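Below is one structure, written out as structure tokens; the observations come after it.
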Amino acid sequence: MSTDSITIPASPRQEFAAGVVHSLPIVAGAVPFGFLLGSLAAKAGLSALDMGLMSALVFAGSSQFVAVELLDKNGSGGSAGLAVVGAILLVNLRHLLMGATLEPRFRGIPRARAGLALFFMTDEQWALALRRGPELTLAYWYGVAATLYLAWLASTVAGTLAGALIADPNAWGLDFTFIAVFLCLLAGFWRGVGSLPPWLASAAAALAVHALSPGGTWHIIAGALAGGAVAAVQAKWQGRASDA
């Protein structure tokens, strides 16, 4: 048998290193975004310790921004705390859909290990995992997770410590960095014109709900549900066409 046809599996160390390398472009966008969040948290009265604990325990940029905004407006009383918890839960409900798409790749992994791994699931981690395909390994997953987690924790705490030095964080354009990262990730999922219907449905639903409720977070859930529904219908139609 020719050795040219034999594929040697990568070692866990190689997989972990690949995850680290693939996450570095995302870190370039996450660090300014985390710094922006930290500076806004400082202006809302949060300490570096508060921000560090939030980033370590929540680890979800979009919901942390919502939480900081609510704390800035309402203070840190009991009612504000309940509002923050509710907002984080609502914004992160999309993770139910994201986790469902990863189920085939985590099949066979003990539930406790899978649950621990999914704690680190972010939009960017999820996108890289899907692009990795069936070859996704836990070593690769944790290579991405460790890099993003440490970068996010360090940048948000640093932003809180330096928050008083930045009068207007938005004037620096830091709020656009993560948008640029998401656009790059989205481009990686482009599969031709056939990819458009779920994207358009998601965008239309999110924009419509945001117009009706500009201060809420329901547009995130609406976009996810609309895009997922259209993608499911599209896949069903394509399956019928291939069987015909």
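The values are calculated or read from the model by the stated rules, or taken from the named source; none is laboratory data. Since this is a predicted model, take the numbers as computed values, not measurements. Don't worry about glycine lacking a Cβ; one is built from the backbone with ideal geometry, like all the others, and counts go over all protein chains shown. Heavy atoms of the whole protein, side chains included, go into the accessibility calculation; ligands, DNA and RNA do not. Shrake-Rupley method; radii C 1.70, N 1.55, O 1.52, S 1.80 Å.
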ask   = Taking the range 220-244 as the region of interest, how many residues are within 30 Å of residue 70 (Cβ to Cβ) and at pLDDT 75 or above?
value = 6
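Among the candidates 156, 137, 147, single out the residue that is more than 23 Å from residue 221 (Cα to Cα) and open to solvent by less than 20 Å² (accessible area, probe 1.4 Å).
Exactly one residue qualifies, and that residue is 156.
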task = Go through the range 106-125 and give me each residue that's in contact with a Leu (Cβ under 7 Å, 6 or more places away or on another chain) and surrounded by 19 or more Cβ atoms within 10 Å (Cβ to Cβ).
result = 122, 124, 125
ask   = With respect to residue 129, is the statement that it is within 17 Å of residue 61 (Cβ to Cβ), at pLDDT 85 or above, in a helix (DSSP H, G or I) and assigned by TED's automatic domain parsing to the domain that holds residue 19 true?
value = no
query = Any chance the range 31-53 includes a residue that's of a type in the set (Lys, Arg) and open to solvent by 50 Å² or more (accessible area, probe 1.4 Å)?
reply = yes
task = Could you look through the range 11-30, keep only residues that are open to solvent by 50 Å² or more (accessible area, probe 1.4 Å) and modelled with pLDDT under 90, and pick out the one that is farthest from residue 153 (Cα to Cα)?
result = 12
